[in-house]
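Read through the structure below, which is laid out as structure tokens, and then see the notes.
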Amino acid sequence: MALEGDREELRVMAASLRRHVEFHGRAGIRLLPRGRGIERKPEETPGEGLLGGLEGNLFSDCAPASQAKSLEELRAAIGDCRRCKLWPGRTHVVFGVGNAKAKLMFIGEGPGRDEDLQGEPFVGRAGQLLTDIITKGMGLKREDVYIANVVKCRPPENRNPEPDEVESCEPFLKKQIELVQPQIIVALGKFAVQSLLKSKVAITRLRGIWHDYHGIKLMPTFHPAYLLRNPGDKKLVWEDIKKVLKELKTPSA
Ligand code: URA
């Protein structure tokens, strides 16, 4: 377990380091200082001198998020995020909404235009359909569940998020899930499902079957936006949702 935690920390640090170097690369900086600054004097504390400052910059972007004790602290740690190339095109960082202790969490792909403007996930047409699934289908309130996305900033022209964008946002989604501790995750659509399960298998084969996400039951289903285009598949989503409802009602759950 500790090894797994160390690996995760190392992965986040490596991703942070890569973003830092790429950021400098985009600014035209091809070389980073070495030598003089590497030899830290014993009395130097991190934050002082060249290496201290560099260390602070390299690892500070995800560290407060990983230590967040609440969703509010996590949101504050994300701040006015500029960790990936999506930030210039967004209006709001669309963090997530709902019950911080929800048993059920829905995870979509990323904000669309309405979500970007309002700062809340799933508030556009697809969002209305998701709300209907939650309220009319499941008999729950939107405030009973927690809703988030794989990426928190709107990709331009609603294109799919790119791998570096997903990677930048991944520590935040993971932390969000860790804080909410849902019993069940419903992953909405091919993109969210494949990102969460790290799979390339088609959604048509993954949906309707329980999967494991770090010890949490995960049910993949079609995205509400897909259902707006293919209403005939609503019955398949209803089958998936019935499995979720049954699982929510089981005493051990
Ligand atoms: N589609 C998504 O995947 N997420 C949203 O928040 C809205 C539409």
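The table that follows gives values for the structure above.
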quantity: Rel. contact order, % - alpha carbon contacts under 8 angstrom, at least six apart, segment 194-253; calculated: 26 percent
quantity: Table column - 3J(HN,Hα) (Hz), segment 224-231, Karplus curve with 6.51, -1.76, 1.60, x for Gly and Pro; calculated: x, 5, 5, 5, 5, 8, 10, x
quantity: Extension gain from Ser70 to Glu239, taking 0.36 nm per residue of separation minus the Cα-Cα distance; calculated: 57.5 nm
quantity: Spacing of the two label points (7 Å from each Cα toward its C-beta) at Ala100 and Gln118, in nm; calculated: 2.3 nm
quantity: Protection proxy ranking of 234-243, 162-171 - average other beta-carbon atoms within 10 Å, highest first; calculated: 162-171, 234-243
quantity: Cα point-scatterer Debye curve for segment 128-253, base-10 log of I(q)/I(0) at q = 0.12, 0.21, 0.22 Å⁻¹; calculated: -0.45, -1.50, -1.63
quantity: Lys/Arg +1, Asp/Glu -1 at C-beta; segment 105-179 dipole; positive extreme among Pro111, Cys153, Met138; calculated: Met138
quantity: Rounded if a/c under 1.5, otherwise prolate or oblate - segment 198-253, Cα gyration tensor axes; calculated: oblate
quantity: Proportion of all alpha-carbon pairs of segment 68-165 beyond 21 Å (%); calculated: 32 percent
quantity: Protein accessible area in segment 117-253, 1.4 Å probe - carbon and sulfur %; calculated: 54 percent
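The values are calculated or read from the model by the stated rules, or taken from the named source; none is laboratory data. These numbers come from a predicted model, not from an experiment. With ideal geometry, Cβ positions are generated from the backbone for all residues, glycine too; neighbour counts draw on all protein chains shown. In case anyone asks, the SASA skips ligands and DNA or RNA and just uses the protein heavy atoms, side chains included. Shrake-Rupley method; radii C 1.70, N 1.55, O 1.52, S 1.80 Å.
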